[in-house]
Amino acid sequence: MRRAFVALPALAIVLVVALFLIQSGTPAESLGIYGTRLSPAGSDPAYPVISGQYAVWERRQAGVDAQIWLYNLTAGSGHLLSPHPGNQFAPAISGDRVVWQDRRNGNWDIYLYNITTGEETPLCTDPAKQFRPRISGDVVVWTDYRNGNLDIYRYDIGTGTEQPVCTDAAMQLAPDVSGDRIVWEDYREGYVNSGDIYLYNITAQQEQVVVNLSRGQWSPSISGDRVVWQDYRSGSSFDIYMKNLTAGSEQVICDDPGRQWLTKVSGDLVTWVDSSGGGWTITVFNLTSGVRHQLGAGTTDQCWSEVSDGRVIWMDYRDHQNAVYLSDQTGSDVS
(Lines give C-alpha, C1' and ligand atoms only; values in the text may rest on other atoms or scores of the structure.)
Protein backbone atom coordinates (compact mmCIF):
# COMPACT_ATOMS: atom_id res chain seq x y z
CA MET A 1 0.00 0.00 0.00
CA ARG A 2 2.40 2.69 -1.14
CA ARG A 3 -0.15 5.14 -2.37
CA ALA A 4 -2.38 7.46 -0.43
CA PHE A 5 -5.62 5.92 0.71
CA VAL A 6 -9.03 7.16 -0.32
CA ALA A 7 -10.49 9.48 2.29
CA LEU A 8 -13.57 8.37 4.22
CA PRO A 9 -16.68 10.36 5.12
CA ALA A 10 -15.05 10.59 8.52
CA LEU A 11 -17.37 13.02 10.27
CA ALA A 12 -20.36 10.70 10.31
CA ILE A 13 -18.30 7.80 11.61
CA VAL A 14 -16.67 9.92 14.31
CA LEU A 15 -20.10 11.06 15.50
CA VAL A 16 -21.30 7.47 15.75
CA VAL A 17 -18.19 6.44 17.67
CA ALA A 18 -18.48 9.44 19.96
CA LEU A 19 -22.13 8.63 20.67
CA PHE A 20 -21.21 5.05 21.55
CA LEU A 21 -18.45 6.20 23.89
CA ILE A 22 -20.71 8.68 25.64
CA GLN A 23 -23.39 6.03 26.11
CA SER A 24 -20.93 3.47 27.41
CA GLY A 25 -19.12 5.97 29.62
CA THR A 26 -15.73 4.69 28.39
CA PRO A 27 -13.15 7.30 27.35
CA ALA A 28 -11.72 6.66 23.89
CA GLU A 29 -8.19 7.03 25.23
CA SER A 30 -8.62 4.02 27.55
CA LEU A 31 -9.51 1.87 24.56
CA GLY A 32 -6.33 2.83 22.71
CA ILE A 33 -8.32 3.33 19.53
CA TYR A 34 -6.68 6.55 18.36
CA GLY A 35 -3.12 5.26 18.54
CA THR A 36 0.20 7.11 18.61
CA ARG A 37 2.00 8.28 15.50
CA LEU A 38 5.51 6.85 15.11
CA SER A 39 6.67 7.90 11.64
CA PRO A 40 8.09 11.38 10.99
CA ALA A 41 6.25 13.75 8.67
CA GLY A 42 7.10 13.41 5.01
CA SER A 43 8.72 9.98 5.33
CA ASP A 44 6.01 8.17 3.28
CA PRO A 45 6.22 4.86 5.19
CA ALA A 46 4.74 1.50 4.18
CA TYR A 47 4.36 -2.06 5.51
CA PRO A 48 5.05 -1.54 9.24
CA VAL A 49 5.81 -4.54 11.47
CA ILE A 50 6.54 -4.85 15.19
CA SER A 51 8.21 -7.16 17.71
CA GLY A 52 8.90 -6.26 21.34
CA GLN A 53 10.39 -2.78 21.64
CA TYR A 54 11.15 -2.46 17.92
CA ALA A 55 9.09 -1.46 14.90
CA VAL A 56 10.32 -1.37 11.31
CA TRP A 57 8.83 -0.21 8.03
CA GLU A 58 9.69 0.87 4.50
CA ARG A 59 10.61 4.52 4.14
CA ARG A 60 9.92 5.92 0.69
CA GLN A 61 10.86 9.47 -0.28
CA ALA A 62 10.81 11.19 -3.65
CA GLY A 63 13.97 10.50 -5.65
CA VAL A 64 15.30 7.99 -3.09
CA ASP A 65 15.13 4.19 -3.20
CA ALA A 66 12.95 2.60 -0.54
CA GLN A 67 14.90 1.78 2.62
CA ILE A 68 14.19 0.08 5.95
CA TRP A 69 13.56 2.31 8.96
CA LEU A 70 14.02 1.02 12.53
CA TYR A 71 12.12 2.62 15.42
CA ASN A 72 12.90 1.94 19.08
CA LEU A 73 9.68 2.23 21.08
CA THR A 74 11.55 2.52 24.39
CA ALA A 75 13.84 5.31 23.21
CA GLY A 76 11.16 6.99 21.10
CA SER A 77 13.54 7.44 18.16
CA GLY A 78 14.49 5.77 14.90
CA HIS A 79 17.11 5.56 12.19
CA LEU A 80 17.79 3.97 8.81
CA LEU A 81 18.64 0.29 8.99
CA SER A 82 19.57 -0.21 5.34
CA PRO A 83 21.20 2.90 3.80
CA HIS A 84 22.03 1.04 0.56
CA PRO A 85 21.34 1.75 -3.12
CA GLY A 86 18.58 -0.34 -4.64
CA ASN A 87 15.19 -0.78 -3.04
CA GLN A 88 14.67 -2.59 0.24
CA PHE A 89 11.08 -3.76 0.67
CA ALA A 90 8.76 -5.80 2.89
CA PRO A 91 10.50 -5.96 6.28
CA ALA A 92 9.66 -8.51 8.96
CA ILE A 93 10.95 -8.70 12.53
CA SER A 94 11.31 -11.19 15.38
CA GLY A 95 13.03 -10.00 18.55
CA ASP A 96 16.21 -8.19 17.52
CA ARG A 97 16.33 -9.65 14.00
CA VAL A 98 15.00 -7.89 10.91
CA VAL A 99 14.68 -9.41 7.44
CA TRP A 100 13.65 -7.85 4.13
CA GLN A 101 13.80 -8.28 0.35
CA ASP A 102 16.70 -6.36 -1.16
CA ARG A 103 17.53 -5.27 -4.74
CA ARG A 104 21.06 -3.93 -4.26
CA ASN A 105 22.43 -6.74 -6.46
CA GLY A 106 20.02 -6.12 -9.31
CA ASN A 107 17.51 -8.81 -8.31
CA TRP A 108 15.47 -9.49 -5.20
CA ASP A 109 17.43 -11.19 -2.40
CA ILE A 110 16.80 -11.79 1.31
CA TYR A 111 18.89 -9.95 3.93
CA LEU A 112 19.06 -10.12 7.73
CA TYR A 113 20.07 -7.46 10.25
CA ASN A 114 20.83 -8.17 13.91
CA ILE A 115 19.91 -5.06 15.93
CA THR A 116 21.95 -6.11 18.96
CA THR A 117 25.21 -6.81 17.10
CA GLY A 118 24.69 -4.34 14.24
CA GLU A 119 25.61 -7.10 11.78
CA GLU A 120 23.96 -7.44 8.36
CA THR A 121 23.94 -10.82 6.60
CA PRO A 122 22.73 -11.91 3.15
CA LEU A 123 20.58 -15.01 3.64
CA CYS A 124 19.75 -15.81 0.03
CA THR A 125 21.28 -14.22 -3.08
CA ASP A 126 20.18 -16.81 -5.63
CA PRO A 127 19.97 -15.19 -9.12
CA ALA A 128 16.21 -15.77 -9.17
CA LYS A 129 13.73 -13.65 -7.27
CA GLN A 130 13.17 -14.10 -3.51
CA PHE A 131 10.58 -11.90 -1.82
CA ARG A 132 8.18 -11.32 1.09
CA PRO A 133 10.21 -12.85 3.95
CA ARG A 134 8.79 -13.61 7.38
CA ILE A 135 10.71 -14.54 10.53
CA SER A 136 10.10 -16.30 13.85
CA GLY A 137 13.11 -16.91 16.08
CA ASP A 138 15.76 -18.71 14.01
CA VAL A 139 13.45 -19.48 11.08
CA VAL A 140 13.14 -17.21 8.02
CA VAL A 141 10.73 -18.09 5.21
CA TRP A 142 10.06 -16.48 1.85
CA THR A 143 8.55 -16.94 -1.62
CA ASP A 144 11.16 -18.10 -4.16
CA TYR A 145 11.16 -18.19 -7.99
CA ARG A 146 14.37 -20.18 -8.61
CA ASN A 147 12.51 -23.20 -10.02
CA GLY A 148 10.53 -21.18 -12.56
CA ASN A 149 7.41 -21.01 -10.40
CA LEU A 150 6.64 -19.71 -6.94
CA ASP A 151 7.81 -21.97 -4.09
CA ILE A 152 8.42 -21.65 -0.35
CA TYR A 153 11.97 -21.78 1.09
CA ARG A 154 13.33 -21.40 4.61
CA TYR A 155 16.63 -20.51 6.27
CA ASP A 156 17.75 -21.64 9.73
CA ILE A 157 19.80 -18.86 11.34
CA GLY A 158 21.12 -21.19 14.04
CA THR A 159 22.59 -23.73 11.61
CA GLY A 160 23.16 -21.38 8.66
CA THR A 161 21.33 -23.77 6.31
CA GLU A 162 18.68 -23.23 3.64
CA GLN A 163 16.02 -25.76 2.67
CA PRO A 164 12.94 -25.90 0.43
CA VAL A 165 9.63 -26.09 2.28
CA CYS A 166 7.38 -26.76 -0.71
CA THR A 167 8.34 -26.98 -4.38
CA ASP A 168 5.15 -28.42 -5.82
CA ALA A 169 4.70 -27.60 -9.52
CA ALA A 170 1.79 -25.30 -8.71
CA MET A 171 2.21 -21.89 -7.06
CA GLN A 172 2.97 -21.48 -3.37
CA LEU A 173 3.28 -17.97 -1.95
CA ALA A 174 2.64 -15.62 1.01
CA PRO A 175 4.26 -17.72 3.76
CA ASP A 176 4.15 -16.97 7.46
CA VAL A 177 5.94 -18.73 10.33
CA SER A 178 5.53 -19.22 14.07
CA GLY A 179 8.00 -21.45 15.91
CA ASP A 180 8.35 -24.64 13.88
CA ARG A 181 5.15 -24.16 11.83
CA ILE A 182 5.02 -22.58 8.39
CA VAL A 183 1.81 -21.70 6.52
CA TRP A 184 1.26 -20.44 2.97
CA GLU A 185 -1.18 -20.03 0.07
CA ASP A 186 -1.18 -23.07 -2.22
CA TYR A 187 -2.67 -23.55 -5.71
CA ARG A 188 -1.99 -27.25 -6.33
CA GLU A 189 -5.72 -28.07 -6.50
CA GLY A 190 -5.81 -26.25 -9.81
CA TYR A 191 -8.26 -23.49 -8.97
CA VAL A 192 -7.49 -20.59 -11.28
CA ASN A 193 -8.34 -17.81 -8.84
CA SER A 194 -8.67 -19.72 -5.57
CA GLY A 195 -5.88 -20.61 -3.19
CA ASP A 196 -5.84 -23.02 -0.26
CA ILE A 197 -3.92 -22.85 3.02
CA TYR A 198 -1.21 -25.44 3.74
CA LEU A 199 1.09 -25.97 6.72
CA TYR A 200 4.50 -27.56 7.22
CA ASN A 201 5.75 -28.68 10.64
CA ILE A 202 9.56 -28.45 10.70
CA THR A 203 9.98 -30.67 13.76
CA ALA A 204 7.65 -33.40 12.54
CA GLN A 205 8.70 -32.87 8.88
CA GLN A 206 5.06 -33.16 7.89
CA GLU A 207 2.83 -31.15 5.57
CA GLN A 208 -0.90 -30.80 6.11
CA VAL A 209 -3.91 -29.01 4.64
CA VAL A 210 -5.36 -26.30 6.84
CA VAL A 211 -8.30 -25.50 4.53
CA ASN A 212 -8.95 -26.30 0.84
CA LEU A 213 -12.44 -25.24 -0.18
CA SER A 214 -13.35 -24.56 -3.81
CA ARG A 215 -13.53 -20.80 -3.31
CA GLY A 216 -10.37 -19.00 -2.30
CA GLN A 217 -8.55 -18.79 1.00
CA TRP A 218 -5.65 -16.32 1.07
CA SER A 219 -3.09 -14.44 3.17
CA PRO A 220 -2.57 -16.82 6.11
CA SER A 221 -1.08 -15.69 9.42
CA ILE A 222 -0.01 -17.99 12.25
CA SER A 223 0.68 -17.63 15.96
CA GLY A 224 1.28 -20.79 17.96
CA ASP A 225 -1.52 -23.20 17.11
CA ARG A 226 -3.81 -20.55 15.59
CA VAL A 227 -4.03 -19.85 11.85
CA VAL A 228 -6.17 -17.04 10.39
CA TRP A 229 -6.88 -16.15 6.77
CA GLN A 230 -9.23 -14.22 4.48
CA ASP A 231 -11.90 -16.48 2.99
CA TYR A 232 -14.25 -16.22 -0.01
CA ARG A 233 -16.33 -19.36 0.64
CA SER A 234 -19.49 -17.25 0.79
CA GLY A 235 -19.03 -16.20 -2.84
CA SER A 236 -20.08 -12.65 -2.02
CA SER A 237 -17.36 -11.11 0.18
CA PHE A 238 -14.09 -11.79 1.99
CA ASP A 239 -14.47 -12.96 5.59
CA ILE A 240 -12.00 -13.85 8.36
CA TYR A 241 -11.68 -17.44 9.53
CA MET A 242 -9.44 -19.17 12.07
CA LYS A 243 -8.35 -22.75 12.73
CA ASN A 244 -7.05 -24.06 16.02
CA LEU A 245 -4.46 -26.66 15.03
CA THR A 246 -4.47 -28.38 18.43
CA ALA A 247 -8.23 -28.75 18.64
CA GLY A 248 -8.68 -29.17 14.89
CA SER A 249 -11.61 -26.75 15.02
CA GLU A 250 -12.44 -23.90 12.65
CA GLN A 251 -14.40 -20.75 13.49
CA VAL A 252 -15.65 -17.61 11.81
CA ILE A 253 -13.96 -14.52 13.23
CA CYS A 254 -15.86 -11.99 11.10
CA ASP A 255 -18.40 -12.43 8.30
CA ASP A 256 -19.91 -8.94 8.33
CA PRO A 257 -21.11 -7.43 5.03
CA GLY A 258 -18.31 -5.84 3.05
CA ARG A 259 -14.72 -6.94 2.74
CA GLN A 260 -12.48 -8.18 5.55
CA TRP A 261 -8.91 -8.92 4.51
CA LEU A 262 -5.16 -8.77 5.29
CA THR A 263 -5.65 -10.49 8.65
CA LYS A 264 -2.93 -11.08 11.28
CA VAL A 265 -2.84 -13.00 14.55
CA SER A 266 -0.57 -12.85 17.60
CA GLY A 267 -1.55 -14.54 20.84
CA ASP A 268 -5.15 -13.63 21.64
CA LEU A 269 -5.41 -10.73 19.19
CA VAL A 270 -6.60 -10.91 15.58
CA THR A 271 -6.52 -7.83 13.33
CA TRP A 272 -7.75 -7.17 9.82
CA VAL A 273 -8.69 -4.44 7.35
CA ASP A 274 -12.46 -3.96 7.31
CA SER A 275 -14.58 -2.14 4.72
CA SER A 276 -18.00 -2.86 6.22
CA GLY A 277 -18.28 0.78 7.31
CA GLY A 278 -17.71 2.10 3.80
CA GLY A 279 -13.94 2.67 3.98
CA TRP A 280 -10.84 0.89 5.26
CA THR A 281 -10.42 0.58 9.03
CA ILE A 282 -8.34 -1.70 11.28
CA THR A 283 -10.42 -4.01 13.46
CA VAL A 284 -9.03 -5.77 16.54
CA PHE A 285 -10.67 -8.88 18.01
CA ASN A 286 -9.69 -10.45 21.33
CA LEU A 287 -10.16 -14.22 21.16
CA THR A 288 -10.35 -14.59 24.95
CA SER A 289 -12.72 -11.76 25.85
CA GLY A 290 -14.68 -11.74 22.59
CA VAL A 291 -14.39 -7.94 22.45
CA ARG A 292 -14.03 -6.32 19.02
CA HIS A 293 -13.32 -2.67 18.18
CA GLN A 294 -11.91 -0.47 15.43
CA LEU A 295 -8.72 1.57 15.59
CA GLY A 296 -8.40 5.18 14.48
CA ALA A 297 -11.87 6.06 15.84
CA GLY A 298 -13.22 6.40 12.32
CA THR A 299 -10.84 9.24 11.50
CA THR A 300 -9.94 8.10 7.97
CA ASP A 301 -8.53 5.14 6.05
CA GLN A 302 -6.25 2.61 7.72
CA CYS A 303 -4.65 -0.54 6.33
CA TRP A 304 -1.85 -3.10 6.67
CA SER A 305 -1.90 -3.96 10.36
CA GLU A 306 0.53 -6.17 12.28
CA VAL A 307 0.20 -7.32 15.88
CA SER A 308 2.76 -8.53 18.44
CA ASP A 309 2.86 -8.74 22.24
CA GLY A 310 -0.47 -6.94 22.58
CA ARG A 311 0.56 -4.02 20.36
CA VAL A 312 -1.01 -3.21 17.01
CA ILE A 313 0.77 -1.21 14.32
CA TRP A 314 -0.81 -0.01 11.09
CA MET A 315 -0.80 2.44 8.17
CA ASP A 316 -3.00 5.51 8.63
CA TYR A 317 -3.99 8.48 6.43
CA ARG A 318 -5.70 10.68 9.02
CA ASP A 319 -3.25 13.57 8.49
CA HIS A 320 -3.61 13.38 4.68
CA GLN A 321 -0.29 11.55 4.34
CA ASN A 322 0.80 7.96 4.89
CA ALA A 323 1.85 7.48 8.52
CA VAL A 324 2.58 4.64 10.94
CA TYR A 325 0.47 4.45 14.09
CA LEU A 326 0.71 2.20 17.16
CA SER A 327 -1.92 1.14 19.71
CA ASP A 328 -0.97 -0.73 22.88
CA GLN A 329 -3.80 -3.11 23.77
CA THR A 330 -2.16 -4.51 26.91
CA GLY A 331 -3.86 -3.60 30.17
CA SER A 332 -6.69 -1.72 28.42
CA ASP A 333 -10.40 -2.30 28.50
CA VAL A 334 -10.20 -4.25 25.23
CA SER A 335 -7.63 -6.81 26.35
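Details
- Within the range 179-205, considering residues that are under 14 Å from R215 (Cα atoms) and acidic (D, E), the one modelled with the lowest pLDDT: E189
- Taking the criterion of being modelled with pLDDT under 95 and over 19 Å from T143 (Cβ atoms), the residues of the range 206-231 that qualify are N212, L213, S214, R215.
- Unique residue being surrounded by fewer than 21 Cβ atoms within 10 Å (Cβ to Cβ) and within 24 Å of D196 (Cα to Cα) when the list is N105, N149: N149
- Those residues of the range 282-291 which are within 16 Å of G224 (Cα to Cα) and part of a strand (DSSP E or B), in sequence order: N286
- Test: Y47 is farther than 27 Å from V273 by Cβ, surrounded by 15 or more Cβ atoms within 10 Å (Cβ to Cβ) and aromatic (F, W, Y): no
- Count - residues of the range 148-194 that are assigned to a strand (DSSP E or B) and more than 23 Å from the chain's Cα centre (by Cα): 3
- Taking each residue of the range 279-298 that is without any contact (Cβ under 8 Å) to a residue 24 or more places away in the chain and looking for partners that are in a loop (DSSP other than H, G, I, E, B) with beta-carbon atoms closer than 6 Å, six or more apart or interchain, yields T288/D268.
- Residue in the range 269-281 that is farthest from G179 (Cα to Cα), counting only those that are in contact with a Phe, Trp or Tyr (Cβ under 8 Å, 6 or more places away or on another chain) and in a strand (DSSP E or B): D274
- Residue in the range 57-95 that is surrounded by the fewest Cβ atoms within 10 Å (Cβ to Cβ), counting only those that are in contact (Cβ under 8 Å) with a residue 24 or more places away in the chain and in a loop (DSSP other than H, G, I, E, B): G95
- In the range 47-66, the residues that are at pLDDT below 95 and in contact with a strand residue (DSSP E or B) (Cβ under 6 Å, 6 or more places away or on another chain): R59, R60, A66
- Total residues in the range 121-136, condition out of contact with any Ser or Thr (no Cβ under 6 Å at 6 or more places or on another chain) and in contact (Cβ under 8 Å) with a residue 12 or more places away in the chain: 11
- Taken over the range 245-268, the criterion of being among the hydrophobic types (A, V, I, L, M, F, W, C), surrounded by fewer than 24 Cβ atoms within 10 Å (Cβ to Cβ) and either touching a Gly at 6+ places or on another chain (Cβ under 9 Å) or not in a loop (DSSP other than H, G, I, E, B) (or both) is satisfied by L245, V252, I253, C254, W261, L262.
The values are calculated or read from the model by the stated rules, or taken from the named source; none is laboratory data. This structure is a prediction, so every number in the text was calculated from the model and none was measured. Cβ sites come from the backbone with ideal geometry, for glycine too, and all protein chains shown count toward neighbours.
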